[in-house]
Amino acid sequence: MLVLMGVSIARIAAIQDEPAFEAYRSGFTPDQSACEQAAAGTEVNIGGAATADSANMLCNEAETFELLTYVSIGAGATLLGLGGYLIFTSDAISSDTAELRIEPRVGPRQGSLQLSLRY
């Protein structure tokens, strides 16, 4: 979930920082939404600016990744809560039962989840 959220946030930032989109966005006042203007087909007369169609595609892509960010936050919180519930409500593990171990690892440039089952 952390990886999905990180990818989504990084892609949204990349879209916002794209030079053609920045030039398109600069054609509007701060109280105007560049995405709404792009959806309406409003073109700007600025060199290097994205067309309304390409700006609209970028806005739709950013909207999709924004939704993925919220979904991954919700799913991550749910899994964290479920894991906590299972840990705090489980009985002590005896040597006769199976053991499932989940080990999340997060670093500045990577994340992983290791699952191991002992039986």
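Numbers for the structure displayed
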| item | result |
| --- | --- |
| Pick from segment 83-97, criterion assigned to a loop (DSSP other than H, G, I, E, B) and surrounded by 10 or more Cβ atoms within 10 Å (Cβ to Cβ), ranking: modelled with the highest pLDDT | THR97 |
| Matching residues, segment 98-119, being in contact with an Asp or Glu (Cβ under 6 Å, 6 or more places away or on another chain) and modelled with pLDDT of 80 or more | GLN114 |
| GLU36 vs. criteria charged (D, E, K, R), surrounded by 12 or more Cβ atoms within 10 Å (Cβ to Cβ) and over 30 Å from PRO108 (Cβ atoms) | yes |
| Count - residues of segment 1-13 that are exposed (fewer than 14 other Cβ atoms within 10 Å of the Cβ) and among the small types (Gly, Ala, Ser) | 2 |
| Flag if ASP17 is of a type outside the set (A, V, I, L, M, F, W, C), surrounded by fewer than 11 Cβ atoms within 10 Å (Cβ to Cβ) and closer than 24 Å to GLN110 by Cβ | yes |
| Single unsatisfied condition, ASP53 versus (1) touching an Asp or Glu at 6+ places or on another chain (Cβ under 9 Å); (2) at pLDDT 95 or above | (1) |
| Candidate set: segment 51-65, residues that are under 21 Å from ALA10 (Cβ atoms) and not polar (S, T, N, Q); chosen: the one surrounded by the most Cβ atoms within 10 Å (Cβ to Cβ) | ALA55 |
| Test: residue in segment 68-75 that is without any contact (Cβ under 8 Å) to a residue 24 or more places away in the chain, at positive phi and of a type outside the set (D, E, K, R) | no |
| Number of the exception - GLY48 against (1) surrounded by 11 or more Cβ atoms within 10 Å (Cβ to Cβ); (2) part of a loop (DSSP other than H, G, I, E, B) | (1) |
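Each row is one residue, and each column tells you yes or no for (1) assigned to a loop (DSSP other than H, G, I, E, B); (2) at pLDDT below 90; (3) surrounded by 17 or more Cβ atoms within 10 Å (Cβ to Cβ); (4) out of contact with any Gly (no Cβ under 8 Å at 6 or more places or on another chain).
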{"position": "GLU22", "(1), (2), (3), (4)": "no, no, no, yes"}
{"position": "ASP31", "(1), (2), (3), (4)": "yes, no, no, yes"}
{"position": "VAL44", "(1), (2), (3), (4)": "yes, no, yes, no"}
{"position": "GLY81", "(1), (2), (3), (4)": "no, no, no, yes"}
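The values are calculated or read from the model by the stated rules, or taken from the named source; none is laboratory data. Being a predicted model, the structure only gives us computed values, none of them experimental. Glycine also receives a Cβ, built like all others from the backbone with ideal geometry; neighbour counts cover every protein chain displayed.
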